[in-house]
Amino acid sequence: MNKKAIKILIVSVIIAVIVGGTIAGIVVVNLDRKKEKLVVYNWADYIDPANITLFEEYYKQKTGKEIEVVYSTFDTNETMMTEVTKGDSQIDLVCPSEYSIQKLKEKNLLQPLDMSDGDYEFISNVYPAIRDRVESIFGAEMNGYFVPYMWGTLGIMYNVEKVRKEDLEAGWGILWNKANNPELEGKILVKDSVRDVYAATVCYLKEEGKLDGTPYAALSIEQLINTVDNTLLKMCETVLLEQRKHIKGYEVDFGKDDMINKIAYVDLAWSGDAMYAIEESYNPDKTFKNLATGEETNYLLDYFVPTIEIDGEEKEFGNVWFDGWAIPKTAQNVPAAKEFINFMCRPDVAMRNMMEIGYTCSFDPDKYIAGEDEFTIEAINCLLENEYIEIAENYPDGDCIIKEIDGVKYDLTEFFGDHRRYPDFKKSEGTLGVMQDFGAQNDAVVSMWERVKGGDEFPWKLIVAIVACVAIVAGAFGLCFLVRHVKSKRQPHIDADSEQQTA
């Protein structure tokens with residue numbers, strides 16, 4: 001073979017490799033494009049990871065299409081809002097809190113969530129009480145923009161060995177150590193969340209009688225936690241600055257671990273975090289003395305929502321919240337987003353999420369108790385595996401929540417009858433308020449919170465430090481000048497003496 005033929009052969013091979021590689025690349029890309037993507041943006045530690053894989057399998061089985069869930073997380077509603085409001089956002093599904101849903105809707109950043117265009121058989125499992133509360137506060141239209149996911153209360157998580165009866169009786173005042181428990185000084189954690197802190201603070205002002213004689217005294221808790229005029233903001237700022245000397249600090253997500261590890265003894269907490277930490281604090285081989293009750297328990301931690309007397313009756317008062325699934329206007333895969341929402345409402349899936357994260361799902365508890373379908377039975381078995389329920393053959397029915405499966409009776413009271421997990425939604429209306437968007441006053445609220453976290457309203461410590469530094473520097477310069485001045489005066493005298501000695 002001559003050189004020309006060899007060159008032609010080499011060029012041909014190179015071209016074939018390039019073309020073949022390009023074709024192969026196109027094939028790979030095309031194959032990838034056949035696999036759908038669903039971009040989900042959710043709170044951190046807010047789902048059982050196994051449910052994501054199960055959804056991908058469920059979606060293929062139902063639609064015949066493969067899908068990959070691209071899952072990312074945020075730690076605050078404000079972080080989520082910033083991401084969603086970007087014009088180039090590719091998020092298909094997001095899980096904001098109620099006031100953020102309201103704000104996103106008002107900014108026209110969410111699309112209506114029409115679930116009537118497909119076979120979404122599990123959506124009807126949502127707890128009607130949540131829907132009713134949403135409608136009473138935000139209007140019926142709001143329910144058309146999201147599907148509830150988790151819900152709960154804001155309250156106090158505490159160490160049973162350190163917190164006394166009088167500390168609990170102080171209500172929200174425990175966050176200010178009003179009962180003067182030396183064990184709690186510097187051991188109290190507060191959420192680094194202005195909304196949660198604000199709700200707790202206005203409740204504290206009310207129970208302390210600091211609102212008496214003001215227009216705020218007549219407000220319901222619902223109205224009070226959403227009132228942010230400058231006068232009330234100033235009152236809150238004053239007591240929050242005073243609170244600083246009693247607390248350990250502000251936390252977003254490490255409160256659970258600090259409470260479990262006895263680094264802190266009191267924490268302003270969401271009920272779901274509290275329930276998770278309480279379960280983690282369980283020790284079957286050790287008992288703890290509950291100072292408030294005098295009883296022995298295997299749980300180091302507990303949780304409560306403070307009460308206040310209203311119309312002669314003690315009622316919990318504070319904040320009840322909910323988070324829900326919503327679809328941004330910029331979503332690329334709406335059908336898959338709807339399927340994901342539907343899947344999250346399946347009985348067994350919702351229960352697995354609860355077991356994993358500790359929060360209460362929006363699934364109607366009555367359907368868990370009465371349901372007999374395969375997914376509900378699987379959910380009850382999940383409770384049995386996690387030792388939340390037991391066989392009730394030797395228990396009288398009485399006030400117990402009993403469910404019979406295949407002729408065997410199970411006592412569900414420990415789980416569904418736990419008031420910390422399932423507060424009375426209907427009874428709490430008017431005393432457990434729902435947060436709403438602060439509107440034009442939002443910046444004023446945030447500024448107040450930044451001043452509180454920074455310390456005193458006027459940075460005296462910083463000013464004193466700066467003055468001290470300036471004084472030190474000025475002193476140093478003054479000393480240098482004095483030394484040089486003395487030397488300059490001595491120099492001629494020395495020279496004169498030298499001249500005389502030379503002479």
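Sequentially through the range 130-136, phi angles give Karplus couplings (6.51, -1.76, 1.60; θ = phi - 60°) of 5, 4, 5, 5, 4, 5, 5 Hz, Gly and Pro residues having no value and appearing as x. In this structure, the amide hydrogen of Lys191, modeled 1.01 Å from its nitrogen in the peptide plane, lies closer than 5 angstrom to those of Glu251, Leu268, counting only residues at least 5 positions away or on a different chain.
Computed extension gain for Thr53 through Ala179, at 0.36 nm per residue and net of the alpha carbon distance, reaches 40.4 nm.
In this structure the amide hydrogen of Ile310, modeled in the peptide plane, comes within under 5 Å of the amide hydrogens of Lys315, none closer than 5 places in sequence on its chain. Shape class of the range 268-318 from the alpha-carbon gyration tensor: oblate, with a/c at 1.5 or above and b/c at least as large as a/b.
Rounded to the nearest 20 debye, what is the charge dipole size of the range 130-204 about its Cα centre when +1 sits on each Lys and Arg Cβ and -1 on each Asp and Glu Cβ? Show your work: numbers first, answer last.
Numbers: 9 positive and 11 negative charges, 9 e Å.
Computed about the Cα centre, the dipole is about 40 debye.
A cut-off of 5 Å between modelled amide H atoms, ignoring neighbours fewer than 5 places along the same chain, links Glu68 with Glu36, Lys37, Leu38.
Which of rounded, prolate, oblate describes the range 149-196, given a ≥ b ≥ c as roots of the alpha-carbon gyration tensor eigenvalues and a/c under 1.5 marking rounded, otherwise prolate only if a/b is larger than b/c?
On the way: a/c = 2.16, a/b = 1.74, b/c = 1.24.
Prolate is the answer for the range 149-196, as a/c is 1.5 or above and a/b outweighs b/c.
3J(HN,Hα) couplings calculated from phi for the range 403-416 with the Karplus curve 6.51 cos²θ - 1.76 cosθ + 1.60 (θ = phi - 60°) are, in sequence order, 10, 9, 10, 6, x, 9, 8, 10, 8, 9, 4, 4, 8, 7 Hz; Gly and Pro show x.
Take the alpha carbon gyration tensor of the range 105-156, find the square roots of its eigenvalues, order them as a ≥ b ≥ c, and report rounded if a/c is under 1.5; if not, report prolate when a/b exceeds b/c, else oblate. Here the range 105-156 falls in the oblate category.
Take the Cβ-Cβ distance between Glu166 and Ile263 as r, set R0 to 22 Å, and report the resulting FRET efficiency rounded to the nearest 0.05. Intermediate results must be reported in sequence, preceding the final value.
Numbers: r = 23 Å, r/R0 = 1.06.
Result of the calculation: an efficiency of 0.40.
In order along the range 258-268, phi translates into HN-Hα couplings of 5, 6, 4, 8, 6, 7, 10, 10, 9, 8, 6 Hz, rounded to whole numbers, per the Karplus curve 6.51 cos²θ - 1.76 cosθ + 1.60 with θ = phi - 60° and x for Gly and Pro. For the range 72-111 versus the range 242-292, the spacing of their alpha-carbon centroids is 30 Å.
Values quoted throughout were computed directly from the atomic coordinates according to the rules given, and no laboratory measurement underlies them. Quantities reported herein were computed from a predicted structural model and do not represent experimental measurements. Methodologically, a virtual Cβ is constructed for each residue, glycine included, from the backbone with ideal geometry; neighbour enumeration extends over all protein chains shown.
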